[in-house]
Structures are given as C-alpha cells and as structure tokens.
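All remarks here apply to the structure that follows.
The values are calculated or read from the model by the stated rules, or taken from the named source; none is laboratory data. These figures come from a predicted structure and were not determined experimentally. Here the Cβ positions follow ideal geometry from the backbone for every residue, glycine too, while neighbour counts run over all protein chains shown.
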Amino acid sequence: MDKNTKFILDACCGGRMMWFNKNHPNTIYIDNRKTKKGYVNGKPNHEVNPDFIMDFKNLKFPDKKFKLVFFDPPHVFANENNDSTFIKCFGRLNKETWEQDIKGGFDECWRVLDDYGVLVFKWSECNIPIKKLIEVIKKEPLVRSMRRGLSKTHWLCFIKIPN
Ligand SMILES: C[S@@+](CC[C@H](N)C(=O)[O-])C[C@H]1O[C@@H](n2cnc3c(N)ncnc32)[C@H](O)[C@@H]1O
C-alpha cells in the first residue's frame, strides 16, 4: 500500500458503479465481500472486487490517512436469506443492528479522514429518512443534494474541521 499516493478511500465500493474511473490510481477500494462477474441470474455482471476485504466498522488504516472518503453503505432492510438481484448487488441493512453498523462505519470513516478532509456520504431514503440518519451519526452535514423527481438518493457532504 502506497502511503503517499493513495489518499482517497471508497469504504464500501461494491461494483464501483458511481465511479467514472473504476480504477482510480489514488484510491483504495474496500468492501466486506468479493463476488465474481455474472453471478446475477444471467444478467450482465456485477463484479465486486475490492483492493482489500475489510469491514468499514474496523478499518485497518491509521488515523487521518485520507483526504477524501466515500461512504455508500447499504440502505435497504432485508433478511439474510433475501437473494433478490438488488440485494445481491448493493447489500442489505439489518433491522436490528443498522444503527450501530452505520454509526460504527461513519465513525471509522471520520477517524481515517485527515483534518480539512471531505467525507461524501451517499444515502437513499428507501427505509430510513435523512433526519433519522443524522440523529444516528450525530454529525451535521454541510450540504446535501436536493431531491429531484422521484429519486430518494441524497449526497451528504462533511468536512473535518479540527477543534
Ligand atoms: C450501496 S452498495 C455500494 C455501491 C457502490 N458505491 C457503487 O458505486 O456501486 C453498498 C456496499 O457496501 C458493502 N458493505 C456492506 N456492509 C459492509 C461492511 N461492514 N464493510 C464494508 N462493506 C460493506 C456491500 O457489500 C455493498 O457492496
């Protein structure tokens, strides 16, 4: 791992669908699983191939390593045995533990973020409204994307200003 050039973290990269360059040279991509291309019932692939398999609640990086962190965790409640294409591609939220999971992941992303670094948190209000999410993470974003049409997806932006 190159300390000097890898200053961006994608903390749960999935299939890297949101990336223009899916192999950005300054980025470390992590996820807690690895899946092969084409596993979704004959549909065009959805490969999950992180640089490291890691839990976002327990990041194996030093404090303040990254200048920019993306956090796009699962946002839909589903049972362990749910094998829908959506859940296979994007993961699931556990109804019992989601608050600890999301707060734990957010706190770790914050810990590895450098002073004056930026955290971008993508969230879809499928099951949990933004207001509740902010109560859980206990940190107020600077801005969010405004809702357009029927989209439930929001981009929240935070900066780490040292005390
Ligand atoms: C909404 S998807 C990310 C989509 C991705 N941003 C994209 O552009 O395709 C959420 C991802 O979080 C991963 N994930 C769930 N729990 C995790 C954990 N504890 N640690 C790391 N990744 C996790 C899932 O495997 C899933 O790939």
When (1) in contact with a His (Cβ under 8 Å, 6 or more places away or on another chain); (2) part of a loop (DSSP other than H, G, I, E, B) are applied to Asn79, the one that fails is (1)
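Taking Leu9 as the residue in question, decide whether it is more than 12 Å from the chain's Cα centre (by Cα), closer than 30 Å to Tyr116 by Cα and crowded, with 16+ Cβ neighbours inside 10 Å. Explain how you work it out, then say what you get.
On the way: more than 12 Å from the chain's Cα centre (by Cα): no; closer than 30 Å to Tyr116 by Cα: yes; crowded, with 16+ Cβ neighbours inside 10 Å: yes.
In short, no.
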Among the residues of the range 59-77, is any over 11 Å from the mean Cα position of the chain (by Cα) and under 24 Å from Ser151 (Cα atoms)?
yes
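Going through the range 1-31 one residue at a time, which ones are of a type in the set (S, T, N, Q) and either free of Cβ contacts under 8 Å to residues at least 12 places away in the same chain or in contact with a helix residue (DSSP H, G or I) (Cβ under 6 Å, 6 or more places away or on another chain) (or both)? I'd like the intermediate steps shown before the answer.
If we filter the range 1-31 for residues that are of a type in the set (S, T, N, Q), which is where we start, we get 4-5, 21, 23, 26-27.
Asn4, Asn21, Asn23 - these are the residues of the range 1-31 that are of a type in the set (S, T, N, Q) and either free of Cβ contacts under 8 Å to residues at least 12 places away in the same chain or in contact with a helix residue (DSSP H, G or I) (Cβ under 6 Å, 6 or more places away or on another chain) (or both).
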With the requirement that a residue be out of contact with any helix residue (DSSP H, G or I) (no Cβ under 8 Å at 6 or more places or on another chain) and within 12 Å of the ligand (Cβ to nearest atom), what does the range 52-65 give you?
Phe52, Ile53, Met54, Asp55, Lys60
Restricting to the range 24-51, and then to whatever is exposed (fewer than 14 other Cβ atoms within 10 Å of the Cβ) and either in a strand (DSSP E or B) or within 13 Å of the ligand (Cβ to nearest atom) (or both), can you tell me which residue is modelled with the lowest pLDDT?
Asn45
Odd one out for Lys64 among (1) in a loop (DSSP other than H, G, I, E, B); (2) among the charged types (D, E, K, R); (3) touching a Lys or Arg at 6+ places or on another chain (Cβ under 7 Å):
(3)
Can you find even one residue in the range 110-132 that is among the charged types (D, E, K, R) and crowded, with 19+ Cβ neighbours inside 10 Å?
no
Looking at the range 3-10, can you tell me whether even one residue there is more than 21 Å from Lys138 (Cβ to Cβ), part of a loop (DSSP other than H, G, I, E, B) and within 13 Å of the ligand (Cβ to nearest atom)?
no
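Within the group Arg92, Arg111, which residue is at pLDDT below 95 and within 27 Å of Lys138 (Cα to Cα)? Please lay out each step first, then the result.
Numbers: Arg111 fails: at pLDDT below 95.
Of the residues listed, the single one that is at pLDDT below 95 and within 27 Å of Lys138 (Cα to Cα) is Arg92.
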For the range 90-120, give me each residue that is touching a residue at least 24 places away in the same chain (Cβ under 8 Å) and near the ligand (Cβ under 10 Å from one of its atoms).
Phe90, Gly91, Leu93, Asp101, Ile102, Gly104, Gly105, Glu108
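For the range 141-151, enumerate the residues that are loosely packed, with under 14 Cβ neighbours inside 10 Å and farther than 21 Å from Lys64 by Cβ. I'd like the intermediate steps shown before the answer.
So in the range 141-151, the residues loosely packed, with under 14 Cβ neighbours inside 10 Å come out as 142-143, 145-151.
Listed by number, the residues that qualify are Val143, Ser145, Met146, Arg147, Arg148, Gly149, Leu150, Ser151.
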Quick check on Pro62: is it at pLDDT 95 or above and buried (at least 16 other Cβ atoms within 10 Å of the Cβ)?
no
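Could you grab me the full set of residues in the range 66-87 that are aromatic (Phe, Trp, Tyr) and either more than 12 Å from the ligand (Cβ to nearest atom) or modelled with pLDDT under 95 (or both)? Steps first, answer last, please.
So in the range 66-87, the residues aromatic (Phe, Trp, Tyr) come out as 66, 70-71, 77, 86.
Phe66, Phe77, Phe86 - these are the residues of the range 66-87 that are aromatic (Phe, Trp, Tyr) and either more than 12 Å from the ligand (Cβ to nearest atom) or modelled with pLDDT under 95 (or both).
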